[in-house]
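Report on the following structure.
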Amino acid sequence: MSINKEYFAHETAVIDEGCSIGKGTKIWHFSHIMKDSVIGENCNIGQNVVVSPQVVLGKNCKIQNNVSVYTGVLCEDDVFMGPSMVFTNVINPRSSVNRKSEYMKTIVKKGATFGANCTIVCGITIGEYAFIGAGAVITKDVKPYALVVGNPGKQIGWMSRYGQRLQFDDNNIALCPESGEKYILENENVRLIK
């Protein structure tokens, strides 16, 4: 175990040897952080969470209760994972067939949000600040700032970095109603205008 008194782990949490856990991180009741996983600074790992071997979480990630983050997942900074959401890592699992050598990578870019009970099928990329609705099933890449809901997941709009729905004018410009930040929609993609 990576002994680092700069993070908090509840006494019921299980932290395997070979983990790296950043300063200021909190790991709550009955969670299991498995070997060779990397958790950044100031993360919050809720109750009954599994972080599998070789998972990488950036800084300030929030994982709510009952979430499974399986081998192959890489999350950049500021990712929010809602209650009971799950990542997968094998495209065609069978109990009687060992497919550990076939784990697929799932990349989650900075600031993405996953609603409660959503499922992320492996081998895709979730763009920065994408917003996945509760219960959605995501089977393909998601663009930055996209709002995706349903099963299968379908893009229905765009979200700001503050998690506010963006409404574009005739010039394809939108203002975040919370922050006032300006966004542009061009070539079916959204970007922040700095």
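Every read-out reported here was derived from the displayed coordinates using simple, explicitly stated rules and does not represent laboratory data. Computed from a predicted structure; not experimentally measured. Every residue, glycine among them, receives a Cβ derived from its backbone with ideal geometry; neighbour counts consider all protein chains shown.
Among the residues of the range 110-126, those identified as in contact with a strand residue (DSSP E or B) (Cβ under 7 Å, 6 or more places away or on another chain), assigned to a loop (DSSP other than H, G, I, E, B) and surrounded by fewer than 21 Cβ atoms within 10 Å (Cβ to Cβ) are G115, V121, C122, G123, I124. On inspection, I126 qualifies as at negative phi, touching a Ser or Thr at 6+ places or on another chain (Cβ under 8 Å) and not hydroxyl-bearing (S, T, Y). Candidates are the residues of the range 24-41 that are assigned to a strand (DSSP E or B) and either among the β-branched types (V, I, T) or touching a Lys or Arg at 6+ places or on another chain (Cβ under 7 Å) (or both); the one that is surrounded by the fewest Cβ atoms within 10 Å (Cβ to Cβ) is V38. Kindly indicate whether N151 is polar (S, T, N, Q), closer than 16 Å to V86 by Cβ and exposed (fewer than 14 other Cβ atoms within 10 Å of the Cβ). Considered against the rule, which asks whether it is polar (S, T, N, Q), closer than 16 Å to V86 by Cβ and exposed (fewer than 14 other Cβ atoms within 10 Å of the Cβ), N151 comes out as yes. Give the residues of the range 145-168 that are of a type outside the set (A, V, I, L, M), outside any strand (DSSP E or B), on the phi < 0 side of the Ramachandran plot and in contact with a Leu (Cβ under 9 Å, 6 or more places away or on another chain), sorted by residue number. Listed by number, the residues that qualify are S160, R161, Q167, F168. Could you say whether any residue in the range 13-23 is among the polar types (S, T, N, Q), part of a loop (DSSP other than H, G, I, E, B) and without any contact (Cβ under 8 Å) to a residue 24 or more places away in the chain? Checked the range 13-23: no residue is among the polar types (S, T, N, Q), part of a loop (DSSP other than H, G, I, E, B) and without any contact (Cβ under 8 Å) to a residue 24 or more places away in the chain.
The C-beta contact set for the range 160-179 (first residue of a type in the set (S, T, N, Q), second residue assigned to a loop (DSSP other than H, G, I, E, B), distance under 6 angstrom, 6+ apart or interchain) comprises S160/L166; S160/C176; Q164/C176; Q164/P177; Q164/E178; S179/Y162.
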